[in-house]
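First comes the structure, then the notes that go with it.
The values are calculated or read from the model by the stated rules, or taken from the named source; none is laboratory data. No experiment lies behind these values; they were computed from the predicted model shown. All Cβ positions, glycine included, derive from the backbone under ideal geometry; neighbour counts span all protein chains shown. The area values use the complete protein model at the heavy-atom level, side chains included, leaving out ligands, DNA and RNA. Shrake-Rupley method; radii C 1.70, N 1.55, O 1.52, S 1.80 Å.
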Amino acid sequence: MKTFTQHLLFLLVFLLSLDASAQTYARNGMVVSSNKMASKVGVEILKKGGNAIDASVATAFALAVTHPTAGNIGGGGFIVFMDSSGMTTTIDFREKAPLKATADMFLDDGNLPKGINLYGRESTVNHIGLKSVGVPGTVAGLYMAHQKYGKLPWPILVQPAIELAENGFELPWSLSRTAKFFSENSNIQFLKDYFRKDNGELTEFREIWKQPELASTLTEIRDHGHDGFYKGKVAEEIAQFMKENGGIITKEDLEKYRAIERAPIKGTYEDYEIFSMPPPSSGGVVLVELMNLMELADLDSIEFNSTEYVHLLAEVMRRAYADRAEHLGDPDFNLDTPIDRLISKEFAKKRFDNIDMNIASVSDSTRFGQMYDGSSTTHFSVIDKDGNAVSLTYTLEHGYGSGMGSSKLGFIFNNEMGDFNPIPDLTSNTGLIGTDPNLIEPEKRMLSSMTPTIVAKDGKPYLIIGTPGGRTIINTVFQTILNVLAYDMRVDKAIDAMKIHHQWLPDRILYERHLLSPDTRKALEAMNHKLVARNSLGELMGIQIDLINNVLIGASDSNSSEGAAIGY
Ligand code: DON
């Protein structure tokens with residue numbers, strides 16, 4: 001008979017063996033996304049002989065069904081792709097402003113009025129209603145990626161999402177809570193009804209949730225590719241819905257939308273190469289500037305998570321985000337953006353030299369400001385058996401975007417117009433930016449912070465990483481990469497380690513509540529830093545490749561309730 005102590009000891013050993021920061025190992029291929037069903041769809045495509053692009057297309061469509069807070073066909077995003085030969089490229093499928101948009105379209109007497117958003121809370125009007133919707137880019141981006149780099153026939157990649165929408169799936173706890181919240185609180189009928197069954201009742205936890213209208217829209221996309229969304233029945237209905245409900249997107253906007261292939265932003269950190277997203281995302285430029293700044297620090301002498309460490313991070317972030325606010329916007333409208341200078345080692349040296357390690361600098365609130373975004377966005381990472389890698393982040397801007405959609409089409413429109421600078425020339429330290437590069441213009445893409453990234457070693461993918469989190473995205477990706485490259489953490493540890501966020505203005509450090517000690521916080525405050533607690537920063541999905549042993553290590557952030565790394 002075992003004694004009580006022996007039982008306790010056994011239990012303790014068992015509990016310790018359960019690693020909370022779930023990492024997964026595989027040899028042949030892997031998909032890490034914020035939803036298990038979607039990761040599984042992607043891996044099945046890999047097993048059928050699809051490459052990383054094929055698996056990404058299938059995963060993205062599946063997420064549009066199973067992870068509707070951010071997975072989408074009504075939003076936009078970015079792909080960073082590295083193939084097995086080391087060729088690296090990106091696809092920009094960011095939403096763009098409709099032809100009828102103007103720089104002051106959200107203003108009333110020069111002010112930005114407030115209204116009530118889909119959560120029943122007060123918000124500025126550039127995030128509310130159909131005027132907040134940018135021309136969606138997701139279907140165009142996935143189609144272009146497939147046309148240029150995919151292998152399997154397109155219909156095979158859309159079909160799993162159609163089946164998930166048609167046959168339904170068990171509503172997970174997180175979605176069932178959202179369903180209840182919207183049915184009780186939202187002022188938007190489409191959202192109130194979104195999670196209802198045919199009989200009008202709300203779908204409960206673990207009941208089957210079906211989306212027949214979304215299945216029909218996806219069927220059009222399966223059968224007609226790009227045109228299945230931007231022309232024909234679906235486009236007609238989008239334009240009609242906009243017209244009837246005060247939106248400004250027309251059939252012409254949809255017909256003119258194109259995804260764009262762009263060269264990646266490239267940087268280095270010691271022996272590693274970093275490939276990330278160029279404008280209209282600010283992600284790549286700011287990430288490379290941050291890594292350049294950190295390369296100048298003597299990290300061997302700085303303890304991870306110490307006062308000195310947090311101070312240094314906050315100071316480099318402050319500087320890089322100031323540059324972001326000043327310079328970045330859609331590159332097709334800002335031909336003179338000094339990108340090469342911003343990502344150069346010389347520029348980092350200048351920026352680094354005026355950091356005082358004893359005291360916080362002051363963000364200059366008379367010049368620029370920054371907003372803090374809400375949730376949500378989603379990222380996934382994919383690698384196939386040949387070593388082709390995809391890092392994909394896409395979004396509706398806020399969780400469930402504008403919350404609006406046509407009941408005939410069954411998908412939600414983004415509210416990405418809120419990412420433009422809303423008031424020309426007004427920059428305030430409460431959080432508005434008014435600089436020119438990101439003012440609204442017809443057909444311009446709004447500036448993003450999404451940072452899908454691939455780090456390479458010797459020309460091969462070594463780390464595939466990204467996250468949601470609005471403006472915090474760049475900093476959480478940056479710290480995760482730094483944790484792996486400089487502090488030698490395995491990807492799952494790097495994801496779950498403490499993160500902070502400073503974005504120049506408002507001038508304060510966000511930190512993960514339970515991960516920064518009270519003593520460190522006091523010491524930082526004594527250096528004039530302001531600190532604000534957050535429960536968590538980011539929901540990273542990453543794959544690290546052990547290039548020596550040829551093993552894939554996948555990790556989905558423990559902040560994610562439904563995320564999963566699945567490999568084979
Ligand atoms: O493109 C951007 O930077 C934002 N629209 C992303 C929003 C976001 O990540 C919210 N998620 N947590």
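Each residue of the range 533-542 was assigned a 3J(HN,Hα) from its phi angle through the Karplus curve 6.51 cos²θ - 1.76 cosθ + 1.60 (θ = phi - 60°); the sequence is 7, 10, 5, 7, 10, x, 8, 7, 10, x Hz, with glycine and proline shown as x. What's the local net charge at Gly542, with K and R +1, D and E -1, over the other residues with C-beta under 12 Å away? Value of the local net charge: -2. According to the Kirkwood relation over distinct C-alpha pairs, the hydrodynamic radius of the range 232-363 is 17.6 Å. Look at the alpha carbon pairs under 8 Å that are at least 6 residues apart: their mean separation over the length of the chain gives a relative contact order of 24 percent. Among the listed pairs Lys148/Lys266; Lys148/Lys493; Lys148/Lys460; Lys231/Lys444; Lys100/Lys180; Lys47/Lys460, a Cα-Cα separation exceeding 25 Å is found for Lys148/Lys493; Lys100/Lys180. Amide H to amide H distances under 5 Å link Ala101 with Glu443, where only residues 5 or more positions off or on other chains count and H is placed in the peptide plane.
What translational diffusion coefficient, to the nearest whole µm²/s, does the range 62-212 have by Stokes-Einstein, given a Kirkwood radius computed over alpha-carbon pairs, a temperature of 25 °C and 0.890 mPa s viscosity? For these conditions, the coefficient is 135 µm²/s. From the alpha carbon centroid of the range 459-501 to that of the range 315-367 is 21 Å. Over all Cα atoms in the range 468-557, the spread is summed up by Rg and Dmax: 14.6, 47 Å. Each pair of Cα atoms in the range 265-327 enters the Kirkwood radius, and Stokes-Einstein at 37 °C and 0.692 mPa s then converts it into a translational diffusion coefficient of 263 µm²/s.
Here the extension length gained between Lys243 and Asp104 equals 48.0 nm, from 0.36 nm per residue of separation less the Cα-Cα distance.
In sequence order, the range 500-514 has phi-based couplings of 10, 8, 10, 10, 6, 9, x, 7, 7, 9, 8, 9, 7, 2, 8 Hz under the Karplus curve 6.51 cos²θ - 1.76 cosθ + 1.60, θ = phi - 60°, and Gly or Pro positions carry x. Explain nothing, just the number: relative contact order of the range 375-417, from Cα pairs under 8 Å at least 6 residues apart, as a whole percent. The value is 33 percent.
Overall form of the range 220-261: oblate. Here a/c, set by the Cα gyration tensor axes a ≥ b ≥ c, is 1.5 or more, and a/b is not larger than b/c. Against the empirical 2.2 N^0.38 Å (N residues), the range 223-295 has a Cα radius of gyration ratio of 1.74. Using all pairs of distinct alpha-carbon atoms, the Kirkwood hydrodynamic radius of the range 53-146 works out to 15.5 angstrom. Looking at the range 470-568, the accessible area is 34 square angstrom per residue; that uses a 1.4 Å probe and ignores ligands, DNA and RNA.
Once the cut-off is 26 Å, how many percent of the Cα-Cα pairs in the range 332-487 end up in the long-distance tail? Everything past 26 Å amounts to 43 percent.
Working note: Debye formula, equal point scatterers on the alpha-carbon atoms of the range 303-349, no solvent; log10 I(q)/I(0) at q = 0.17, 0.26, 0.28, 0.32 Å⁻¹ is -0.61, -0.97, -1.03, -1.13. Viscosity 1.567 mPa s, temperature 4 °C: Stokes-Einstein D of the chain from its Kirkwood Cα radius, in µm² per second? It diffuses with D of about 54 µm²/s by this estimate. Computed from the Cα positions only, the extents of the range 426-493 along the three principal axes stand at 43, 28, 17 Å, in decreasing order. Against the empirical 2.2 N^0.38 Å (N residues), the range 99-178 has a Cα radius of gyration ratio of 1.66.
For the pair Ala526 and Ser306, the difference between a 0.36 nm per residue extended length and the Cα-Cα distance amounts to 77.8 nm. Remark on Arg196: its backbone amide H falls under 5 Å from those of Thr203, a criterion applied only to residues 5 or more positions apart or on other chains, H modelled at 1.01 Å from N.
Rounded to the nearest Hz, the phi-derived 3J(HN,Hα) couplings of the range 443-448 under the Karplus curve 6.51 cos²θ - 1.76 cosθ + 1.60 (θ = phi - 60°) are 6, 7, 8, 6, 5, 10, where x marks glycine and proline.
Close amide H partners of Ser282, meaning residues 5 or more places away or on another chain with modelled amide H under 5 Å apart, are Ser448, Ser449, Met450. Here the range 507-565 was treated as a single set of alpha-carbon atoms; its pair distances binned every 5 Å from 0 give 4, 15, 18, 14, 12, 12, 11, 9, 4, 1 percent. State the percent of C-alpha pairs, over all pairs in the range 133-285, separated by a distance greater than 20 angstrom. Looking at the range 133-285, the distances longer than 20 Å represent 65 percent of pairs.
Based on protein heavy atoms only, the range 186-244 ends up with 53 Å² per residue of surface accessible to a 1.4 Å probe.
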